[in-house]
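The values are calculated or read from the model by the stated rules, or taken from the named source; none is laboratory data. Predicted, not measured: the structure shown is a model, and the values here were computed from it. Don't worry about glycine lacking a Cβ; one is built from the backbone with ideal geometry, like all the others, and counts go over all protein chains shown. For the accessible areas, the whole protein counts, side chains as well, though only heavy atoms, and no ligand, DNA or RNA atoms are used. Shrake-Rupley method; radii C 1.70, N 1.55, O 1.52, S 1.80 Å.
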Amino acid sequence: MGFKTRGLRGSTFEEMIDLTNRLYAQQKLAIIQKVPTPITPIAVDNAAHTITNAYFEKKSTVDFIGVAQGLALCFDAKETRQLSLPLRNIHEHQIEFMENFREQKGVSFLLVHFLAKNEMYLLPGEVLAEYKKAAKAGGRKSIPFADFDPALIVKNQNGFPVHYLVAVNAYLDGLHAATPSSRAN
């Protein structure tokens, strides 16, 4: 009998991102790597060359990290069947890592795949942090689909299954176009 583990949700989405990252590397657009989650094996099946039981050594940070055209990027991939992104699956240490990354002039974000709409979006790290802060203060515990910026949609295009660099550029263009006074509103 098969079973689903919570840790494997979104694995197809991550595989599509991995393929995109390999294509980015081949075309010298970016070098982005999947961040392995450190584990300590407890039991090993030597005949099958597999770990049968293990525990996590420490909390993981984000799913992917790397550089694109001189710009440091870090991001996590999330997938949801709902028409909102539940915040319970985004941990405080991940938000903290993303904020620290941004302080070092890197770009941090989530790639979110809405299965019900078959659409993918880039959610900037600072927007995620605002929603998390509001949720802690008693606000909404999810980000509604309608709140995702259509300018930051991620498409399957030009042979890239998850062509997120287009959305990164759109985000950066919007960030640089905003005046300091318009960002405060």
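Taking only protein heavy atoms and a 1.4 Å probe, what accessible area per residue, in Å², does the range 84-169 have with all protein chains in place?
49
Please list, ordered by chain and number, the residues whose modelled amide H lies under 5 Å from the amide H of ASP63; skip anything fewer than 5 residues away on the same chain.
PHE75, ASP76, ALA77
Return one quarter of the surface area of the convex hull spanned by the alpha-carbon atoms of the range 118-162, equal to its mean projected area, in nm².
If you wrap the Cα atoms of the range 118-162 in a convex hull and average its projections, you get 3.7 nm².
Compute and list, largest first, the equivalent-ellipsoid semi-axes of the range 46-161 from the alpha carbon gyration tensor, each √(5λ) rounded to a whole angstrom.
24, 19, 18
Starting with the highest mean, order 131-140, 107-116 by the number of other Cβ atoms within 10 Å, averaged over the residues of each peptide.
Put in order of decreasing packing, that is 107-116, 131-140.
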